[in-house]
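Structure, as structure tokens:
The values are calculated or read from the model by the stated rules, or taken from the named source; none is laboratory data. All of these numbers come straight from a predicted model, not from anything done at the bench. All Cβ positions, even for glycine, are placed from backbone atoms using ideal geometry, and neighbour counts span all protein chains on display.
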Amino acid sequence: MRKREEPPARWTLYGLPIQRGLALGIGAPLYLPTYGMPIWFDPRLFAQDEDEWLAIEYRMPTEPVEVIALVRDLHDVPPVLAPYVRIVGWIVERPPEPPLPHAPILQVPRLPPMLPPEAPVILDAHAGVAYIDPNATLLARYQSLLLRTATHIRYHLEGEHLPVHTWDDKQVLIGGVAPEWEAVAQIAQRGADLVWLTAETFPEAFASVAHALGGKPLWWFDPLARYRDDAHWQRLLRASAEMNLTLFVDSTETLADARDSLEVAREALRAEHMPLGTPGLGLYVAPEASLPTVEPETAPLICWSVPKRTQRVAARLWQGYRKTQRYGIRRALLLPDAHPETLAIALGVEPYALFVPMDALPIAKQQAALLGVAECREWLLLRLRRWRDATLRAQPDLWLQQRR
């Protein structure tokens with residue numbers, strides 16, 4: 001006789017992710033009448049006078065209580081939450097309008113007509129599902145993931161790990177290039193703000209890589225993305241729950257296929273009730289390739305490979321900069337070195353991130369902080385018109401000498 005499977009939760013709500021993320025907390029059904037005194041309810045509302053108000057306030061908990069709020073409308077929340085409550089997720093019926101809170105949001109077709117006032121809730125806005133009063137197995141699965149993710153994230157105070165601000169106070173991320181998964185940890189420890197990876201296979205354990213990154217983004221260029229099977233995309237979704245992962249592919253067609261493959265994998269894994277992430281997507285542009293027509297919806301990130309400092313390469317970068325700036329697409333560059341002229345050309349196209357060889361990370365951060373984005377942009381325009389001018393070519397070195 002086949003054993004009957006235990007349902008994942010007493011209530012399972014499926015819906016549309018408005019803002020992706022994972023959250024675990026006490027459910028607060030704010031759309032229902034409140035009976036008793038749930039932990040999220042403000043006890044001061046029962047005070048008869050100011051003295052009783054102050055007495056209740058004195059006895060209130062000091063530790064925050066994490067709550068997932070269930071409401072019909074995000075902008076019509078009754079003022080009944082205690083001051084020590086921290087809302088870590090939202091489940092709504094009606095589509096919310098901006099501005100949105102910085103928390104996962106799931107829109108469901110209909111909220112349950114009856115719920116207990118303090119049931120534990122798992123909100124997986126990556127998979128588009130919420131579990132109200134989950135079973136022990138599911139609760140342990142999500143708790144362990146959230147605990148691992150929390151221990152992965154580190155806040156660096158050392159100077160070599162702090163983000164770079166240019167001479168005119170523009171933040172630019174400086175990353176390193178890893179040819180294999182084994183080099184990711186070493187690059188992250190050398191002070192890289194993010195890591196560019198070119199491996200073609202998965203590591204044996206994603207948890208160890210995520211721990212080594214310490215919350216830093218990993219941009220993975222996969223030249224074989226168009227040939228990947230369903231199992232690969234499912235594993236990618238699981239990996240993105242562990243780390244801040246962005247996948248780069250080499251064509252807009254492959255980018256569209258990757259987006260479709262991830263949605264198919266997400267639907268396949270939803271029935272398994274596994275924690276999933278949402279990997280970002282970006283477009284890699286090879287050295288000699290021309291920039292295709294892209295929009296922010298199709299490719300919010302573009303990374304160019306810059307093999308050398310030539311007038312042709314600089315002109316191609318400037319053309320790409322003008323195209324992407326029009327649509328607000330973020331730009332990143334893979335640089336061959338940290339030479340002052342290379343950095344000046346790169347900063348001239350207002351990049352979001354720069355990648356250099358691992359050995360060049362410290363000097364790249366030091367020199368990028370002494371160059372200004374605006375002055376490099378003006379310098380690049382002049383340089384394109386007078387490429388052989390020796391005085392113009394030496395200008396970045398002169399700026400560095402004056403500001404050291």
| said: Please verify whether residue 61 is loosely packed, with under 12 Cβ neighbours inside 10 Å, modelled with pLDDT of 85 or more and more than 29 Å from the chain's Cα centre (by Cα), treating the condition exactly as stated. | reply: no
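Take the conditions touching a residue at least 12 places away in the same chain (Cβ under 8 Å), small (Gly, Ala, Ser), closer than 28 Å to residue 178 by Cα and touching a strand residue (DSSP E or B) at 6+ places or on another chain (Cβ under 9 Å) and apply them to residue 314. Does it pass? Spell out how you get there, then give the answer.
Values: touching a residue at least 12 places away in the same chain (Cβ under 8 Å): yes; small (Gly, Ala, Ser): yes; closer than 28 Å to residue 178 by Cα: yes; touching a strand residue (DSSP E or B) at 6+ places or on another chain (Cβ under 9 Å): no.
Spelling it out, it is not the case that residue 314 is touching a residue at least 12 places away in the same chain (Cβ under 8 Å), small (Gly, Ala, Ser), closer than 28 Å to residue 178 by Cα and touching a strand residue (DSSP E or B) at 6+ places or on another chain (Cβ under 9 Å).
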| residue 6 is checked against (1) among the charged types (D, E, K, R); (2) in contact with a helix residue (DSSP H, G or I) (Cβ under 8 Å, 6 or more places away or on another chain); (3) farther than 21 Å from residue 130 by Cβ and fails just one. What number does that condition carry? | (3)
| note | Reported set for the stretch 89-128 where residues are of a type in the set (Val, Ile, Thr) and not in a loop (DSSP other than H, G, I, E, B) is 91, 92, 105, 121, 122
| task | Starting from the stretch 1-20, take each residue that is farther than 20 Å from residue 266 by Cα and list its partners that are among the acidic types (Asp, Glu) and modelled with pLDDT of 85 or more, counting only C-beta distances under 8 angstrom and pairs at least six apart or across chains. | result | 10/133; 11/133
| request: Output yes when any residue across the stretch 173-190 is surrounded by fewer than 19 Cβ atoms within 10 Å (Cβ to Cβ) and touching a Ser or Thr at 6+ places or on another chain (Cβ under 7 Å), and no when none is. | output: yes
| field | Wholly within the stretch 287-404, helices (runs of 4 or more DSSP H) carrying at least 1 residues that are hydroxyl-bearing (Ser, Thr, Tyr) | value | 311-327, 340-347, 390-393
| remark: Over the stretch 225-243, the set of residues modelled with pLDDT under 90 and in contact with a Pro (Cβ under 7 Å, 6 or more places away or on another chain) is 240, 241
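If only one of 67, 108 is buried (at least 20 other Cβ atoms within 10 Å of the Cβ), of a type outside the set (Phe, Trp, Tyr) and modelled with pLDDT of 90 or more, which one is it? Let's see the steps before the verdict.
Working: 108 fails: buried (at least 20 other Cβ atoms within 10 Å of the Cβ).
When all the criteria are applied, what remains is 67.
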| message | Give all pairs with beta carbons closer than 8 Å in which a residue from the stretch 100-119 that is without any contact (Cβ under 8 Å) to a residue 24 or more places away in the chain meets a residue that is hydroxyl-bearing (Ser, Thr, Tyr) and assigned to a strand (DSSP E or B); count only pairs at least 6 apart in sequence or on separate chains. | response | none
| task | May I ask you to verify whether residue 192 is modelled with pLDDT under 90 and either part of a loop (DSSP other than H, G, I, E, B) or not assigned by TED's automatic domain parsing to the domain that holds residue 301 (or both)? | result | no
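Across the stretch 19-29, which residue is modelled with the lowest pLDDT among those that are within 21 Å of residue 77 (Cβ to Cβ) and surrounded by 18 or more Cβ atoms within 10 Å (Cβ to Cβ)?
Residues of the stretch 19-29 within 21 Å of residue 77 (Cβ to Cβ): 19, 21, 23-29.
Narrowing the set further to residues that are surrounded by 18 or more Cβ atoms within 10 Å (Cβ to Cβ) leaves 21, 23-29.
Details: 21: 88, 23: 92, 24: 92, 25: 92, 26: 93, 27: 93, 28: 92, 29: 92.
Out of the qualifying residues, it is 21.
Within the group 276, 281, which residue is under 30 Å from residue 121 (Cα atoms), in a strand (DSSP E or B), within 18 Å of the chain's Cα centre (by Cα) and not assigned by TED's automatic domain parsing to the domain that holds residue 104?
Values: 276 fails: in a strand (DSSP E or B).
Going through 276, 281 in turn, the sole match is 281.
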| task | Search the stretch 172-197 for residues that are free of Cβ contacts under 8 Å to residues at least 60 places away in the same chain and pair each with any residue that is surrounded by fewer than 22 Cβ atoms within 10 Å (Cβ to Cβ) and part of a loop (DSSP other than H, G, I, E, B) when their beta-carbon atoms are under 7 Å apart and the residues are at least 6 apart or on different chains. | result | 179/198; 180/199; 181/199; 181/203; 188/214
| request: Report whether or not residue 350 is acidic (Asp, Glu) and more than 23 Å from the chain's Cα centre (by Cα). | output: no
| Options 295, 263: the member that is of a type outside the set (A, V, I, L, M), assigned by TED's automatic domain parsing to the domain that holds residue 395, modelled with pLDDT under 85 and more than 18 Å from residue 377 (Cβ to Cβ) | 295
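Can you tell me which residue in the stretch 207-246 is surrounded by the fewest Cβ atoms within 10 Å (Cβ to Cβ), limited to those that are among the aromatic types (Phe, Trp, Tyr) and part of a strand (DSSP E or B)? Give the derivation first.
Looking only at the stretch 207-246, we keep the residues that are among the aromatic types (Phe, Trp, Tyr), and these are 219-221, 227, 233.
Still in the list and also part of a strand (DSSP E or B): 219-221.
On the way: 219: 25, 220: 24, 221: 21.
Of everything passing the filter in the stretch 207-246, 221 is surrounded by the fewest Cβ atoms within 10 Å (Cβ to Cβ).
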